[in-house]
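A short worksheet on the structure shown next.
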Amino acid sequence: MEDIKEYKVRMNTATLIFLTALALYTLLTIFTQTNQIVITIVIFAVVCYAFFLGCRPYKYSINKKELTIHYRLWKNSHVDLMHCETICDPVPRMADLVTRPHAIEIYTDTKKRYCFFPKERVEFVHAVVKANKRIHCTVKEYTDVYRILEKKDRKERRKAEKKAAKEAAQLKK
């Protein structure tokens, strides 16, 4: 049985607002304009919806050491996680920070950048880190959660080792 983890893509708020406004404008145009203008607006709306909903990723899946970006209207893209060096929060670029503050960036060993926008950020990063143990992770949400958990695990492990050593010392006496 294959262990495939799937993550839905978080839609950009600006895109959602644009598509809603375009739908409302198209409906308004149908009732108030001439046929030639209506046909032009409807064709433009269909092209916009096809691009934003069909040519943009709708989910990511991680299978073993490969991350797949799924598209509705064209072929899926694959990223080999073993060639990835860093996973981090978005590097400060004004346009990206304003439009997509919840991005996750992955850099490969050839310095190629991939941007991902999963709904479950921490689970997505955990799956990527689990697939490639050598990847350097600086995603703040992930490190805050998992460093605390790792610290607790280390503390409990040390207590258990001390307790086992104490019991072994008492048995020798």
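The values are calculated or read from the model by the stated rules, or taken from the named source; none is laboratory data. On a predicted model such as this, the values are computed, not experimentally measured, just so you know. All Cβ positions, even for glycine, are placed from backbone atoms using ideal geometry, and neighbour counts span all protein chains on display. The protein model used for the area step is the full one, side chains on, heavy atoms only, and it has no ligands, DNA or RNA in it. Shrake-Rupley method; radii C 1.70, N 1.55, O 1.52, S 1.80 Å.
Axis of helix 140-172 versus longest Cα principal axis of the chain: the two differ by about 20°, to the nearest ten degrees. Largest mean-square fluctuation among Arg158, Arg147, Arg72, in a Gaussian network model of the chain whose springs join Cα atoms under 10 Å apart, belongs to Arg158. Put simply, the amide H of Glu120, placed in the peptide plane, has neighbours under 5 Å in Lys8, leaving out anything fewer than 5 places away on its chain.
Of the listed residues Leu73, Leu81, the order by accessible area with a 1.4 Å probe, largest first, is Leu73, Leu81.
Couplings for segment 62-76, taken from phi via the Karplus curve 6.51 cos²θ - 1.76 cosθ + 1.60 with θ = phi - 60°, read 10, 10, 6, 10, 10, 9, 10, 9, 9, 10, 7, 9, 9, 5, 6 Hz in order; Gly and Pro are left as x. DSSP beta bridges in the chain, what fraction antiparallel, as a percent rounded to 5? Once the DSSP bridges in the chain are tallied, antiparallel ones form about 90 percent.
Summing +1 for each Lys or Arg and -1 for each Asp or Glu among the other residues whose beta-carbon sits under 14 angstrom from that of Thr143 gives 0. Please say if the chain is rounded, prolate or oblate, where rounded means a/c under 1.5 for a ≥ b ≥ c the square roots of the C-alpha gyration tensor eigenvalues, and otherwise the choice is prolate for a/b larger than b/c and oblate otherwise? Prolate, since a/c reaches 1.5 and a/b exceeds b/c. Each residue of segment 19-29 is assigned a 3J(HN,Hα), and the resulting list reads 5, 5, 5, 5, 5, 5, 5, 5, 5, 4, 5 Hz, derived from the Karplus form 6.51 cos²θ - 1.76 cosθ + 1.60 (θ = phi - 60°), x at Gly and Pro. Each Lys and Arg adds +1 at its Cβ and each Asp and Glu adds -1 at its Cβ; summed about the Cα centre, the chain shows a dipole of about 1180 debye. Accessible area per residue was computed with a 1.4 Å probe on protein heavy atoms; Met11 scores about 80 Å². Amide H to amide H, with H built 1.01 Å from N, Val139 comes under 5 Å of Asp89, counting only residues 5 or more places away or on other chains. Farthest toward the positive end of the dipole of the chain, out of Gln36, Leu149, Phe18, is the Cα of Leu149, where the dipole comes from beta carbon charges about the Cα centre.
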